[in-house]
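The values are calculated or read from the model by the stated rules, or taken from the named source; none is laboratory data. As the structure is a computational prediction, the values presented were derived from the model and not from experiment. Heads up, the Cβs are rebuilt from the backbone with ideal geometry, glycines too, and the neighbour counts pull from every protein chain shown. The area values use the complete protein model at the heavy-atom level, side chains included, leaving out ligands, DNA and RNA. Shrake-Rupley method; radii C 1.70, N 1.55, O 1.52, S 1.80 Å.
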Amino acid sequence: MPAAHSTRGRDLLAAGLSDLGARALVIVAGSAADPDIAPFARGAHLRDCFVIAPHGAPPRLGYLSPMERGEAAGTGFELLTPEALEVERLVHEGAEPARFWAEVLAKGLALSGLAPAPPSDRLALAGHAPAGVIHAACVDLGRRGWSFVAGNDLARRFRQEKTQEELAEVRRVAQGTSAAFRRVAELLAHAAPRPEGDLEFLGEPLSVARLRLEVARTLAEHGLEQPDGNILAPGEEGAMPHSTGTPERVLRRGESLVVDLFPKGRLYADCTRTFCVGAPPPSLAAAHAAVLGALLAAHRAAQPGVRGWTLQEQTCALLAERGYRTPISHPGATEGYVHGLGHGVGFELHEFPSFRKHAGAEAVLRRGDVFTLEPGLYQVEEGWAVRLEDLVALGDDGLENLTPLPYELDPRAW
């Protein structure tokens with residue numbers, strides 16, 4: 001196992017496999033971009049691939065195309081090559097996908113020193129390869145003495161604690177994200193209101209689509225993609241938290257604009273700010289102050305050993321004291337504070353640690369975690385929203401804010 005993962009991986013995988021009563025973690029993926037296998041692939045460009053991580057032994061990475069041997073070698077893992085897996089023979093025989101995968105995995109298990117002990121031996125299965133194909137392959141492997149248990153949570157726990165290499169990539173993506181926010185603020189700061197209140201920039205109406213174009217350009221300059229899109233939601237659209245914003249919608253003076261960007265390099269970043277061009281309504285200004293206070297309190301309280309749900313309870317208490325509805329005081333409410341405080345970020349946009357009430361060990365913050373803190377308030381009737389979201393990393397020296405941007409509503413303050 002590469003040094004970056006050695007101690008963490010060996011201990012975590014061994015404990016997780018023991019809990020599951022499994023001999024090995026098997027991850028089957030349609031490409032190395034699969035979040036379950038990505039920590040092992042370490043940026044390699046592979047198509048169909050898999051990992052076999054036996055209890056107490058180093059993981060092995062299997063790949064299926066000899067043209068990808070250079071990419072596979074760069075991962076530093078012991079490899080299960082197409083030649084060793086007899087891929088060419090299976091292709092020549094015209095093996096349909098389920099049989100192909102059953103044969104490849106059976107060969108990979110054998111090469112990894114794993115043979116099922118009668119009557120049945122258990123494997124933890126993870127990855128996001130085609131479900132029907134893998135199910136059929138597992139039925140085939142079941143006839144050979146293997147049984148399976150869900151291993152996706154174990155794969156998520158493996159990638160929860162970020163290596164220094166992974167954290168450096170998150171920092172890079174966060175820097176590009178921050179640059180996109182500063183570009184949005186620049187355009188808004190130079191926007192001028194027309195008499196009816198609509199904003200214009202360089203003589204043209206300033207629309208959501210115009211801002212979205214600038215975001216895309218800036219992120220592309222930093223080598224980042226937006227596989228999940230983004231949110232630029234003004235006024236009444238932002239009041240519904242997951243509304244992405246209508247492209248043709250022209251921005252107006254005195255309304256909120258929620259900007260939530262979550263681009264991806266090899267890993268994700270995630271950040272939200274709320275803007276208002278011109279004087280905000282008093283209720284919007286008060287909500288912004290309340291959300292900012294809750295965010296800063298969460299920063300202070302996020303320490304190793306603290307549960308994510310404990311931070312959510314604290315946030316709810318602070319906002320309830322100011323008269324806002326919360327998920328605790330008003331379950332199911334659609335106004336006020338209506339969502340969770342945060343989530344882990346990494347190879348997926350939402351991963352461990354968890355901030356859910358009934359989560360297990362993955363809900364306890366620990367060193368190496370990267371996660372968001374994102375309180376918000378939403379008022380549908382008045383048509384405004386405020387959400388402030390920081391991406392943070394919990395390290396040996398405490399909490400590091402990876403998106404240290406201004407919080408002000410007024411873009412001119414940026």
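A few points about this structure:
- V133 fulfils the conditions (1) under 24 Å from the mean Cα position of the chain (by Cα); (2) more than 26 Å from G346 (Cα to Cα); (3) of a type in the set (A, V, I, L, M) except for a single criterion, (1).
- Filtering the range 49-102 to residues that are open to solvent by 10 Å² or more (accessible area, probe 1.4 Å), over 20 Å from V139 (Cα atoms) and touching a residue at least 40 places away in the same chain (Cβ under 8 Å) leaves P54, H55, G56, A57, P58, R60, L64, G76, F77.
- Selection of the range 300-313 for residues being in a helix (DSSP H, G or I), open to solvent by 40 Å² or more (accessible area, probe 1.4 Å) and closer than 24 Å to D396 by Cα yields R300, W309, T310.
- Unmet requirement for L341, which otherwise passes all of (1) farther than 19 Å from D270 by Cβ; (2) aliphatic (A, V, I, L, M); (3) in contact with a helix residue (DSSP H, G or I) (Cβ under 6 Å, 6 or more places away or on another chain): (1)
- Count - residues of the range 193-221 that are among the polar types (S, T, N, Q) and either open to solvent by 50 Å² or more (accessible area, probe 1.4 Å) or on the phi > 0 side of the Ramachandran plot (or both): 0
- Considering the range 332-403, the qualifying strands (runs of 3 or more DSSP E), each wholly inside and each with 3 or more residues that are more than 30 Å from L251 (Cβ to Cβ) and open to solvent by 10 Å² or more (accessible area, probe 1.4 Å), run over 398-401.
- Residue selected from the range 237-263 under the condition over 15 Å from A191 (Cβ atoms) and surrounded by fewer than 19 Cβ atoms within 10 Å (Cβ to Cβ), by the criterion modelled with the lowest pLDDT: H242
- All of (1) open to solvent by less than 40 Å² (accessible area, probe 1.4 Å); (2) out of contact with any strand residue (DSSP E or B) (no Cβ under 8 Å at 6 or more places or on another chain); (3) in contact (Cβ under 8 Å) with a residue 60 or more places away in the chain hold for G293 with one exception: (3).
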